[in-house]
Amino acid sequence: MSEGYEGKITAPEFPEGLEWLNVRRPLTLRDLRGKVVLLDFWTYCCINCMHILPELKKLERRFAPELVVIGVHSAKFPAERETENIRQAILRYEIEHPVVNDRDMLIWRLYGARAWPTLVLIDPRGKIVGQVAGEITAEVFGAVIAEVIRTFDARGQIDRRPIRFDLERERVPEPVLSFPGKVLADAASGRLFIADSNHNRIVVASLADGTVVDVIGQGEAGLRDGDFETAQFNHPQGMAVRGEMLYVADTENHAIREVNMRARTVRTIAGTGYQSRRPFHPGGPGPQVDLNSPWDLVLLGDRLYIAMAGAHQLWVLDVKTQVVTPFAGSGYEGCQDGPLLEASLAQPSGLTTDGQRLYVADSEASAIRAVDLDPHGRVQTLVGEDLFVFGDRDGPSPRARLQHPLGVAFHDGVLYVADTYNNKIKKLFPTVRQVVTFLGTGEAGLRDGERPLFDEPGGVSVAEGKLYIADTNNHVIRVADLRTGQVATLGLNGVERLRPRARVAPAFAGDVMTLPPQQVAPGPGTLVLSLRLPKEHKLNEQAPSQVVLRVEGDPVVRFDQDQATMTLHRPRFPLTLPVVFQHGQGRLLVEWTLYYCRSDVTGLCYFAEARQELSLDVRPGAATSRLSLSHEVK
């Protein structure tokens, strides 16, 4: 990055015809004159790109009137070129700035980018101030931005008028599960643990029937120990369990959490909440050591092995002494075999074991690696070659190809691999080095049966003859019969326990709509409520949907038993209610709490809240004594 605070070279304009997200229309740099513009060249698989997103959010908050961040998504993997996949990544990473799909690397080449991430700072005249590759911190980069603002503010060239973006999240419903990253099936206790990653919690369900039996974490992103209702996580991923002790890779907190299922408590046993920025950290007492994006866990005895995605290493934590140290991987990103701490790994994101070796889904190398448990052992590649060798090919392991696998589970001599960007589950036979597709066609989608479809599955776990799959972009858990290959979507029972927590806790968390005022005649009348759901969706009859009717001001409406408030439990629409209208002026409030599901796959469910406010004038001579209200869920 240049030490100057104004640029000399005009920033190249964005090419026409590209697809944009989080905005109503494509942007141009000319549109943004007077703003400081920060281009973030990223690709959504990249852990380093993930690391700077929180830093960009800090900058966006600090310089809200002056700064516009634009994500330039220049894909590494073929799957990442698809706009719909980028949209899902925007939702998963909760990105609130404009993103352009640079699928053909046009903007990448115009700006001479060479690595992910690369940041380019542009001054309010549209000139390039400087460029930097790699991770940054908001503190350091913010100092440069502040000086650019100061320089141009003195000339009266800063435009502080607000810009509103059309965010992707505003166009999608709230799912009951949100981007579940990992799943852990525990046959011993009959429990299924689900990392409900974007809801910042762990959902515990019964293996027998999918009934939700517990929720760990209050739902807001944060790092707080305590009981299940007050503890906080930040996008948790992999888990390991023994008896009543559950261990959680709390990825964006850069921490390992210990959950006591009997005492219903959560405590941090490794990590400080800060990302380690040391390239070769030696480890130490767990609560004092900064970690770097722990993504998955395996527990053997008292040794908890950690896929440390951000450090490109495996670490090990002694759960008794709470000492954590590197176990395998030099810290350099790559796909080189060798002695444990000399070999290179590439964003390890899935972990399993056969009791003799660890098996690693090494995502950025599109590889499966075998790691000896002997401290004098080696790392060996079973499938994969290099950071830029990937594809979708079955066969002998030297020829087989994967695309950014995130999950792996060992069972009965077979490795089940979540071949994430190929939307498949594959089998790897480690003794004969053979890879075969087990489930999925490669097409992204949601379909059960003999020819199932998945959408970037991220985690797998085996119990009692079933393979449990965290189907991340579909927001559901899938269950496959290992013998027949039949796939079903897990229908969660008791979903009312999974009502999403409001980001901020206002009196009412849903959408509020003001309806046009209406007049009705006093006396006996009817109130008709109707509901329109998205096409191919229906209300979940097992969930406690409800409608609350309440009158404020004059008691212009009286319900059953002359009450001014009525709660309708599990209503069926359209619904006609006898009411009494009384002379006066008041407000009718209708609060809708709805659980609804896909008609074809009842496991894919959503939650929606809305409140309608209607000014009601009850007077003699009005044309009708019938009041009809309709709510449409979009």
Legend entry - Phe233, Phe573, reordered so the largest accessible area comes first (probe 1.4 Å): Phe573, Phe233
Inset, instruction - Calculate, in nm to one decimal, what Glu464 and Thr437 gain on full extension: separation in residues at 0.36 nm each, minus their alpha carbon distance. - result: 7.6 nm
Inset, instruction - Could you give the DSSP H helices of the chain that reach 18 angstrom or more along their long axis (alpha carbon positions) and whose average Kyte-Doolittle hydropathy is no lower than 0.0? - result: 138-153
Inset, instruction - Between the alpha-carbon centers of segment 179-222 and segment 286-359, tell me the distance in whole angstrom. - result: 23
Inset, instruction - Kindly rank 130-142, 542-554 from highest to lowest mean number of other beta carbons found within 10 Å of each residue. - result: 542-554, 130-142
Inset, instruction - Extending each Cα 7 Å along its Cβ direction at Arg242 and Gln288, get the distance between those two points in nm, one decimal. - result: 2.4
Inset, instruction - Among the trypsin sites (Lys or Arg not before Pro) in segment 142-217, which ones are in a DSSP loop with at most 16 other Cβ atoms within 10 Å of the Cβ? Mind listing them? - result: Arg155, Arg160, Arg164
Inset, instruction - Can you send over the carbon and sulfur percentage of the accessible area for the chain, probe radius 1.4 Å, protein chains only? - result: 48
Legend entry - Value of relative contact order over segment 339-423, rounded to a whole percent, pairs C-alpha under 8 Å and six or more apart: 25
Legend entry - Potential extension, Asp227-Arg155 segment - 0.36 nm per residue separation minus Cα distance: 20.5 nm
Legend entry - Rg(Cα)/(2.2 N^0.38 Å) for the chain, N = residue count: 1.05
Legend entry - Where a label projected 7 Å from the Cα of Asn260 along Cα→Cβ would reach, residues of segment 225-249 with amide N under 18 Å: 225-232, 241-248
Inset, instruction - Work out how much length Gln486 to Arg109 would gain on full extension: take 0.36 nm times their residue separation and subtract the Cα-Cα distance, in nm to one decimal. - result: 131.1 nm
Inset, instruction - Place a +1 charge on the Cβ of each Lys and Arg in segment 120-236 and a -1 charge on the Cβ of each Asp and Glu, then give the dipole magnitude about the Cα centre in debye, rounded to the nearest 20. - result: 680
Inset, instruction - Return the calculated 222 nm mean residue ellipticity for the chain, to the nearest 500 deg cm²/dmol, obtained by summing -39500 (n - 2.57) across DSSP H runs with n ≥ 4 and dividing by the residue count. - result: -2500 deg cm²/dmol
Inset, instruction - Would you calculate the separation in nanometres between label points at Glu19 and Thr211, each defined as 7 Å from the Cα along the Cα-to-beta-carbon direction? - result: 4.4
Inset, instruction - Would you mind checking Lys35/Lys58; Lys57/Lys466; Lys8/Lys57; Lys76/Lys182; Lys8/Lys58; Lys182/Lys320 for any pair whose Cα atoms are more than 29 angstrom apart? - result: Lys57/Lys466
Legend entry - Candidate lysines - alpha carbon under 23 Å from Lys538, same-chain residues fewer than 8 apart omitted: Lys634
Inset, instruction - Compare the peptides 273-286, 444-457, 361-374 by average per-residue count of other Cβ atoms within 10 angstrom and give them in order, highest first. - result: 361-374, 444-457, 273-286
Inset, instruction - Would you work out the relative contact order for the chain, in percent, from Cα pairs under 8 angstrom that are 6 or more residues apart? - result: 9
Legend entry - Taking segment 168-279 and dividing mean pair separation by its residue count, relative contact order in percent (alpha carbons under 8 Å, at least six apart): 17
Legend entry - Accessible area expressed per residue, the chain, with surrounding protein chains retained (probe 1.4 Å, Å²): 41
Inset, instruction - Please list 29-38, 514-523, 115-124 highest first by mean number of surrounding beta-carbon atoms within 10 Å per residue. - result: 115-124, 29-38, 514-523
Inset, instruction - Sticking with the crude label model, points 7 Å out along Cα→Cβ, report the distance from Arg626 to Glu94 in nm, one decimal please. - result: 4.7
Legend entry - Kirkwood Rh and Cα Rg combined as Rg over Rh, evaluated for segment 75-227: 1.09
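The values are calculated or read from the model by the stated rules, or taken from the named source; none is laboratory data. Nothing here was measured: the structure is a model prediction, and the numbers come from that model. No Cβ is skipped: glycine too gets one built from the backbone with ideal geometry, and neighbour counts run over all protein chains shown. Remember, those area values only see protein heavy atoms, side chains included, never the ligands or the DNA or RNA. Shrake-Rupley method; radii C 1.70, N 1.55, O 1.52, S 1.80 Å.
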